[in-house]
There are 2 protein chains.
Amino acid sequence: MRHAANLTGVRVVIARCEVDYAGRLTAHLPMAPRLIMVKKDGAVSVHADDRAYKPLNWMSPPCTLSVTAPAPSQPGEDPAGAPLEELWLVKGRDGETLKIAIAEILDDHEYDLGVDPGLEKDGVEAHLQALLAENPGVFGTGYRLVTREYRTPIGPVDLLLRDGDGGYVAVEVKRRGEIDGVEQLTRYVELMNRDPQLSPVSGVFAAQLIKPQAAVLARDRGLSCLTVDYDALRGMDNAEDRLF
Amino acid sequence: MRHAANLTGVRVVIARCEVDYAGRLTAHLPMAPRLIMVKKDGAVSVHADDRAYKPLNWMSPPCTLSVTAPAPSQPGEDPAGAPLEELWLVKGRDGETLKIAIAEILDDHEYDLGVDPGLEKDGVEAHLQALLAENPGVFGTGYRLVTREYRTPIGPVDLLLRDGDGGYVAVEVKRRGEIDGVEQLTRYVELMNRDPQLSPVSGVFAAQLIKPQAAVLARDRGLSCLTVDYDALRGMDNAEDRLF
DNA sequence: GCGTCGATGTCGGGA
DNA sequence: TCCCGACGTCGACGC
């Protein structure tokens, strides 16, 4: 048996193989030609030529790959009768296992890609929160920002505002508003209303898109909803920028 | 410009490339060597040799790939000054775009894997729910199934039963019972109890494994817990099968 | 280390 | 088709 050599890059193997995963569930793939990718971080993934970028089966790091070359006429044969070329055993962290029985290797390459310089993202929830913090007026006339990430014992409230009458307003910001977010805001508002320094505190659920069920639950909990137009908000920012 | 040829399989390209995604967010990858996979379903994914099975950037089908070979000294050059070898443009469904500027193709292979015979899974929540629906007796003597996926304005209740006295019982099924599931069941039971046609409705939290915190919360909410033995339940099914 | 929460989540089922 | 919740969710971040 030989252990996986230290990869200096990514390895791509094309092989007829049969795959068995056992871990959080069990899954089986019958013998067929597939693409197997082994990354430098140890990850092993088995791809068909569909299912978008997702593999049929995989093992996430940390995991170890060991390869055995079974002697002919050993148990574990190709259903067609031919002996297996290799048997790969990938062991994951909680005793998860991925077994890849390879009947025939059709191609095998390794490429050294070096360290990737990394990915830059824009337009995620953090950005939405920042835009709302800079434009509290979208919540109503006279609304002012008190603070972002207001700390409570059960977690940070995304935005704390005061409305035109000076009353506190807790805002939960989401890109997509779903029921979980309403639960979260409910807990915050309930807790903050126990503080006589803050009470009465109202709650606003702000998101680019609010699902109907979440809106129903929010109304039932006495919370307001605000659907945010991200592009318009960014436009307001630009408009303000031009004023100065 | 040439459009992507009809792939008969999966294509793997190793190339120095720069990537820009614009769609649900915007993201940028500076020039570096990477692995690009193009599947027969149209999916394009750009991998580094880490991040487990997930690509740095991708486009899910349906999408179209078109490739241009820019003339030397055209705009869009390699920062190093060398001309680009190819420019790939992947268009997704809501105007999403993925641009891959390729400075140098280091390797390029295509493999015909054929249609994959597919994946067999076992042990997921849907299966557990089905088994419980077929064996309402595990909840208690005289329990009968009313319906699966009983609709409420805030979401579907996994199972609606009637107990031996004719009272309604709402069941939330989970593979792993955690606090979220208890919250979910609480909302359903509370809502259903406002309906005089249903009230009084009791709640049962059923899971293969119920975390202690979830059990405590369930008790506090007046909900029952049922720890389900998946294998035994499957065995009951088999036993019943053998009777007929 | 564990719990919480976001995600270009992706995927599958029911209306 | 859309809507909605599960997922082998995976990862990032905070305590």
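Nothing in this text is a laboratory measurement; each read-out follows from the coordinates by a stated rule. Predicted model, so just to flag it, every value in this text is computed and none were measured. Cβ atoms come from the backbone with ideal geometry, glycine included; neighbour counts cover every protein chain shown.
One table, with the values for the structure above:
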read-out	value
Selection from B:19, A:173, B:63 lying farthest towards where the dipole of the protein assembly as shown points positive, charges on Cβ	A:173
Contact order relative to length of chain A, as percent, for alpha carbon pairs under 8 angstrom and 6 or more apart	13 percent
Mean Cβ count within 10 Å, highest first, over the residues of peptides B:160-169, A:94-103	A:94-103, B:160-169
Karplus-derived HN-Hα couplings along the range A:33-43 (A = 6.51, B = -1.76, C = 1.60, θ = phi - 60°), whole Hz, x at Gly and Pro	x, 8, 9, 10, 10, 10, 8, 4, 6, x, 4
Over the range A:2-111, relative contact order from alpha-carbon pairs under 8 Å, at least 6 apart, %	32 percent
Helix-derived mean residue ellipticity, 222 nm - over the protein assembly as shown, DSSP H n ≥ 4, -39500 (n - 2.57), to 500	-6000 deg cm²/dmol
Crossing angle, helix B:230-243 versus chain B [Cα axis fit, 0-90 degrees, rounded to tens]	70 degrees
Label point 7 Å beyond Cα along the C-beta direction, distances from residue B:28 to other copies (nm, shortest first)	5.1
Magnitude of the charge dipole, chain B, Cβ model with Lys/Arg +1 and Asp/Glu -1, debye to 20	600 debye
Column: log10 I(q)/I(0), Debye, Cα scatterers of the range B:2-111, q = 0.09, 0.13, 0.14 Å⁻¹	-0.21, -0.44, -0.52
Residues whose placed amide H lies under 5 Å from that of residue A:146, excluding near-sequence neighbours	A:160, A:161, A:162
Amide H within-cut-off set for residue A:85, under 5 Å, with H built and near neighbours excluded	A:102, A:103, A:104
Cα-based convex hull, chain B, per residue volume (Å³, whole number)	198 Å³
Cβ neighbours within 10 Å from other chains - mean over B:27-39	5
Spin-label pair residue A:105/residue B:20, simplified geometry with 7 Å Cα→Cβ offset, distance in nm	4.1 nm
For residue A:110, inter-copy label distances in nm, listed shortest first [label point 7 Å out on the Cα-Cβ vector]	2.9
Lys pairs, chain B - Cα-Cα below 29 angstrom, 8 or more residues apart or on other chains	16
0 to 90° range, to nearest 10: angle between helix A:125-134 axis and chain A longest Cα axis	20 degrees
Among A:52, A:214, A:15: highest mean-square fluctuation, GNM of chain A, C-alpha pairs under 10 Å	A:52
Whole-Hz ³J(HN,Hα) from phi, Karplus 6.51 cos²θ - 1.76 cosθ + 1.60, for the range B:194-206, glycine and proline x	7, 8, x, 5, 9, 4, x, 10, 9, x, 10, 9, 10
At 7 Å out from Cα toward Cβ: residue B:195 inter-copy label distances (nm, ascending)	3.9
Value in Å of the Kirkwood radius, where the protein assembly as shown supplies the Cα pairs that are averaged	26.9 Å
Other protein chain Cβ atoms within 10 Å, averaged over every residue that makes up B:89-96	0
